[in-house]
Structure formats: structure tokens, C-alpha cells
Amino acid sequence: MLRKIMKGGHRKPSKSDGNDFGFGAPRNSGSGPANNVVVNHSSRAAPGPPSPHTGSAIAAPPPMNTVEPLPLFRDVPVSERQNLFLRKLQVCCFQFDFTDTLKSVREKEIKRQTLLELVDFIQSGSGKITENCQEEMIKMVSANIFRCLPPASHENTGQVSADPEEEEPYLEPSWPHLQLVYELLLRYVVSSDTDTKVAKRYIDHSFVLKLLDLFDSEDPREREYLKTILHRIYGKFMVHRPFIRKAINNIFYRFVYETERHSGIGELLEILGSIINGFALPMKEEHKLFLVRALIPLHKPKPISVYHQQLSYCITQFVEKDYKLADTVIRGLLKYWPVTNCQKEVLFLGELEEVLEATHSAEFQRSMVPLFRQIARCLTSSHFQVCDCFNLLSS
């Protein structure tokens, strides 16, 4: 009886025991230590029957951190370049830890050189890439740029957020690779060989939304690239224009009424400045609502000084396009006029001066009474720049 009990203790493992190690769990598909376990997803290859002897360990591909250099495009026949293009894209999908400068130095340099070759290949227009290559290229771009942004500096310390103008800008450690990925995307979007009918299948609404989410990056270099790329997408993909405007509206709403914290408001307003400049006349009701519901309320948040120059330009563009909007704009400024913040009041006075220069006399008379009441209050201000507001009357 004792021998039977001892033999029963050494139970043969069942096939279902492999799930205890997370073999089929998709939740660890992101970057991290769990990536050491390679899962053959159904989207990549059809799963074969498991080996009865060693399970799935033998079928695992080589380690994910092995990156080997590939031949140059000029060193292969023209007929093989599309295939080589795909292989280079696969190399650029590898992610590395940039917090440790001494880690994977060789592999990082191989990826950087490969990205440079891809940028040159797209920019030179030496070969029109196939639709399959375009799809894989957008997948590679997405794998690199779409990521969780690090928490803002005030979130790390738990302290009250300081003035954004006084904070040191955060610089993305992986920028040597990210910059080249953004450059590749930009060259693809602006290329005359890029067919918008094909490209819009991959640069879709989901892609645009994720791109807009990245505008909250604290790295000014990244926001500059995002501004240029989104502007080019707006210009080239006409089908996306209403969606982009609506998505930017939603970012402004969240910023004004919820967070009052966003790094890319200035860059988004720069894009809108060009868009407003191209509005056809008579102006659509949709655009007038955008002015009233999104742009004018942007005068409310405390960090307005960061983006006021771009905001003032957008507001003035509306008045220059349609002088009848002057009364709406002036009354909107008066609604959000600061009471105790003199520096913010100086900004409002400067903007009001620009608006009045584009205002016709009839519209000025409609808002003249509340405007002069506010100017009278400014004259009694203790701040010398606020009380010196007689130049407003010269218009």
C-alpha cells in the first residue's frame, strides 16, 4: 500500500497544465519580461499540433533580441528590393531599452542604420512600394511611436503642477530611433508616389486618433514632428478632415473643462491657424460653432501664456475672414477676462488690440458699452502695462 501511495505522488503532467505558465494568455503581449515567452499568434502563423515530447519549447523561434544587419538596397537586384524592404521593416520592429546606454549597443546601431536606409529608399523614390509593404510599414511605425507616454514631472513628485514655461522639457531617450521613424512616416505621407486611396486604409481614423494622443508628449521635438505630419495628413487625405477637426475639438474640451494640462495645445493651434486661413466664404456654421465652443473657451485655463500667441492668431483669422464675428469674439474675451492675474490681462489686451484692428465700426458699436467698462477697470489697475491701454482706442 505504501508503494502505491508513493507512486501516485509522481503524477504525469496533463496537457492543460501548460496554461499555468501563461502560454495562451494575451495580456502580456506588450513589452516587458513576459516577452521572453514567444507565442505563435494566429495572425502570424497557423498553430500546429504540439509535440508530444517537448511541448512548445522546441518550436520557439530564436531570441527576440537578435538583430543582424541586412544587405544594402543597392547591393541586391531590383526584383529583390521589395522583399528586402519587408525584412528591414521586421528589423525595425524590435524594441530596445534606452534607459541603459550600454545595453544592446550593437543592435541599436543596426536598427538606426536600417531606419536611415528605409528613409532614403522612400525619399529617393527609386521604387514604388507595394500595398503589402505599405501595410507593413505602417505597422512598424505604429509599433515604435504608439506607446504609453511617461507621466508628467508633477505627477512623479505628487506636487502641484508648476508653470509649464518654467519646467525643463522632457527629452525622450529613444529619440535617435523615434526621429527616424517619424521622418519615414513624413516622407511616406508627402511622397507623390503615395496613393491616398491605398494609404487611407492604413492611415485611418484609429491611426489619426493615436497620433493625436501623442501630442501630449513633453518632448518638443516629437510634438514638432507630429504637427508637421498631421498637417500633411490633413492636406492630403481630404476624407479625414472633418474627423481631424472634431478630434481636436474633443482635446480642447477635455483640456478646458477637465484637466487644464496638455503639452500640445500650441502645436494643435498652429495647425488650426493654417486650416482657418483656408476656410471658404461664406463660413460654415460648423466653423462658427468651433470658434464659440472651443477656441474662445481656451482663454479660461491658467497656462494660457504657453499657447496664447497661436490662439490669438486663430481668433484674429476668424475676424478677418468674417468681420461679423468681431462682436462674438469681443464679448467672448470679456467673458473670460482675468480678475486678479495681471500677466494674463496683458495678454488679453494685446489680443483685443489685434481684434479691434480687424473690426468694422458697426460691429464695434455693438460691443462698445461692455468693452469700455472693462477698459475703465483696466485704467485703475496697479499694473503699469494694464493701465496703459489707451492705444486700444486708436483703432
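The values are calculated or read from the model by the stated rules, or taken from the named source; none is laboratory data. This structure is a prediction, so every number in the text was calculated from the model and none was measured. All Cβ positions, even for glycine, are placed from backbone atoms using ideal geometry, and neighbour counts span all protein chains on display.
Scan the stretch 309-336 for residues that are closer than 24 Å to Ala376 by Cβ and either crowded, with 17+ Cβ neighbours inside 10 Å or within 30 Å of the chain's Cα centre (by Cα) (or both) and report the count.
11
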Exercise. State whether one or more residues within the stretch 356-370 are charged (D, E, K, R), in a helix (DSSP H, G or I), within 25 Å of Leu269 (Cβ to Cβ) and at pLDDT 90 or above.
Key: yes
Exercise. Evaluate the stretch 325-346: report whether one residue or more is out of contact with any strand residue (DSSP E or B) (no Cβ under 6 Å at 6 or more places or on another chain), over 26 Å from Arg261 (Cα atoms), outside any helix (DSSP H, G or I) and not assigned by TED's automatic domain parsing to the domain that holds Arg254.
Key: no
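Please count how many residues of the stretch 180-203 are buried (at least 17 other Cβ atoms within 10 Å of the Cβ) and in a helix (DSSP H, G or I). Spell out the reasoning first.
To start, the set of residues in the stretch 180-203 that are buried (at least 17 other Cβ atoms within 10 Å of the Cβ) comprises 180-189, 194, 199-200, 202-203.
Within this subset, residues satisfying the condition of being in a helix (DSSP H, G or I) are 180-189, 199.
Count: 11.
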Quiz prompt | Selection within the stretch 151-183 - modelled with pLDDT under 85 and closer than 20 Å to Lys210 by Cα | solution = Pro151, Ala152
Practice problem: Scan (1) crowded, with 19+ Cβ neighbours inside 10 Å; (2) not assigned by TED's automatic domain parsing to the domain that holds His262 for the single condition Phe372 breaks and write down its number. | Solution: (1)
Quiz item: Could you say which residue among His231, His240 is more than 15 Å from the chain's Cα centre (by Cα) and part of a helix (DSSP H, G or I)?
Solution: His240
Quiz item: Which condition number in (1) outside the structural domain of Leu295 (by TED's automatic domain parsing); (2) within 29 Å of Ile271 (Cβ to Cβ); (3) in a helix (DSSP H, G or I) is the one that Thr316 fails?
Solution: (1)
Quiz prompt | Selection within the stretch 65-120 - part of a helix (DSSP H, G or I), of a type outside the set (A, V, I, L, M) and more than 18 Å from Leu180 (Cα to Cα) | solution = Arg74, Asp75, Ser79, Glu80, Arg81, Gln82, Asn83
Practice problem: Assess whether Leu295 counts as being in a helix (DSSP H, G or I) and closer than 21 Å to Leu230 by Cβ. | Solution: yes
Self-check item: Checking Leu281 against (1) in the same structural domain as Leu269 (by TED's automatic domain parsing); (2) part of a helix (DSSP H, G or I), the condition it does not meet
Solution: (2)
Quiz prompt | Unique residue being in contact (Cβ under 8 Å) with a residue 24 or more places away in the chain and charged (D, E, K, R) when the list is Glu109, Glu131 | solution = Glu131
